[in-house]
1. Express in Å², to the nearest 10, the accessible area of residue 88 obtained by rolling a 1.4 Å probe over the protein heavy atoms while all chains stay in place.
2. Give the shape of the stretch 77-145 as rounded, prolate or oblate, defined through the alpha-carbon gyration tensor: a ≥ b ≥ c are the square roots of its eigenvalues, a/c under 1.5 means rounded, and otherwise the shape is prolate if a/b is larger than b/c and oblate if not.
3. Quick one: net charge around residue 257, please, counting Lys, Arg +1 and Asp, Glu -1 for every other residue with C-beta under 11 Å from its C-beta.
4. Could you order the peptides 306-318, 397-409 from most to least packed, using the average number of other C-beta atoms within 10 Å per residue?
5. Quick check: from the Cα gyration tensor, does the stretch 85-124 come out rounded (a/c under 1.5), prolate or oblate?
6. Given a Förster distance of 45 angstrom, what is the FRET efficiency for residue 414 paired with residue 256, based on the Cβ-Cβ distance and rounded to 0.05?
7. With a 1.4 Å probe and every protein chain left in place, work out the accessible area per residue of the stretch 271-370 in Å², rounded to a whole number.
8. How big is D, in µm² s⁻¹, for the stretch 100-184 by Stokes-Einstein at 25 °C and 0.890 mPa s if Rh is the Kirkwood radius over C-alpha pairs?
Amino acid sequence: MMGGMASEETRTLKSTTNIGSSAVSDSPAPTGKQAGKASTRAWTTRLLVVGIVLAALNLRPAITSLGALLEEVRDGLGMSGSVAGLLTSVPPLCFALFGVTAPRLARRFGPAAVVCAGMVAITTGLLIRPYVGGTAGFLAGSALALMGIAVSNVLMPVIVKRWFPDRVGSMTGLYSMALALGTGAAAALTVPMTDALGGSWRSGLTVWAALAAAAVLPWTALVRHREAPFGHEVPANRRTRAREAEPAQPRLRITRSRTAWALAVFFGLQATAAYITMGWMAQIFRDAGVSAGTAGLLLAVTMAMGVPLAFVIPRLATRLPRQGPIVIALGVCGLAGYAGLYLAPAAGAWAWALLLGVSNCAFPLALTMVGLRARTGAGVAQLSAFAQSAGYLISVPGPLLVGVLYQHSGGWGLPIALMAGLMVPQMAVGVLAGRDRTVEDEAAR
């Protein structure tokens, strides 16, 4: 089904970059107004790509920077292990609560405006959360940043499906790669930057607001620029493709689709593993005798595995009619990593970090399947909101339960057993979600 994707993407890229030359050779010379519009469309497309990359870079540093300094934050705010577990459960809870509002907000204000507001919320939350005072204030500041992340999470697959319909795999890979890069950078650099800034965990967490502020700029320009891609004018070839591919349809009854439910559960279980990893893995290594700096680097290695694989896996997934084999391969890596983390956490630390990093690439795979399991942009918007909101709601108890088990058992045996146990149903529902079918067909039946 997807066998010609690479050649199609190549043709699309060539037609985009060579738009000026093709216009000269295949049609009369454009007027100044036509040339201006073509130049403007090319500029806004490039700006959109820059905006997607910068937004993706900011979708995880609020979480992994905290994971690297969790022990310092706990001591500074006087948190118990259970409260720290609650803190690591806040991200998926916010994603579930606020992500479901993203399609409605996008219809009313436009996707660019919503993502721009999301970047502003991330910036503000990261600036205020270390300084508002106490655990409650820290949670409130974190929730504000996570609110911005939530709406951007949901809208990224929608934006890719709508504006890059011939490059779903490559564009999903691009922003997944940027997301993984931001995740790993926050994990690796937070401790060294904290030391360089005088050793204050507050300064170490606040510095990531600068990256979020940089992401506001391109989205502000896209909101102000009312032509393509988020205004009223769309390039002719895309208008034609949109009319052919997306006739007016009633709203899907998404809950009638078994694939939608399977994808939601798969999303939830992979998110559970990811947020347990981001919130607790550095602490597991530190308790095993690894230094704080090295533990942060190990977490960064786990996150950084997503940089190359987040680009490869979506492209591979779009070429396969079923994504089940990829799901199984990632799950096996996860089981091996958890086994090593239980048996020899310090001795084989780098190997376990690599294996768990491969396993965490279930996230870009899930995002790719959102684009593949719906035919239309409207279907992708509904499926993305449903799968991510329901999935993140499913993932809420995981990090909290790990904190409770850790505090009451006094070790990491039970928490690691829980992580490994959840990997089995994740593989099962992932195979179901990866079947070659669409939610529109299932909902209609």
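The values are calculated or read from the model by the stated rules, or taken from the named source; none is laboratory data. Small disclaimer: the values here were computed from a predicted structure and weren't measured. Heads up, the Cβs are rebuilt from the backbone with ideal geometry, glycines too, and the neighbour counts pull from every protein chain shown. Note: accessible area is taken over every heavy atom of the protein model, side chains too, but ligands, DNA and RNA are not part of it. Shrake-Rupley method; radii C 1.70, N 1.55, O 1.52, S 1.80 Å.
1. 10
2. Note, shape of the stretch 77-145 comes out oblate.
3. Local charge sum for residue 257: +3.
4. 306-318, 397-409
5. The shape class here is oblate.
6. So the FRET efficiency works out to roughly 0.75.
7. Heavy-atom accessible area per residue stands at 31 Å².
8. 176
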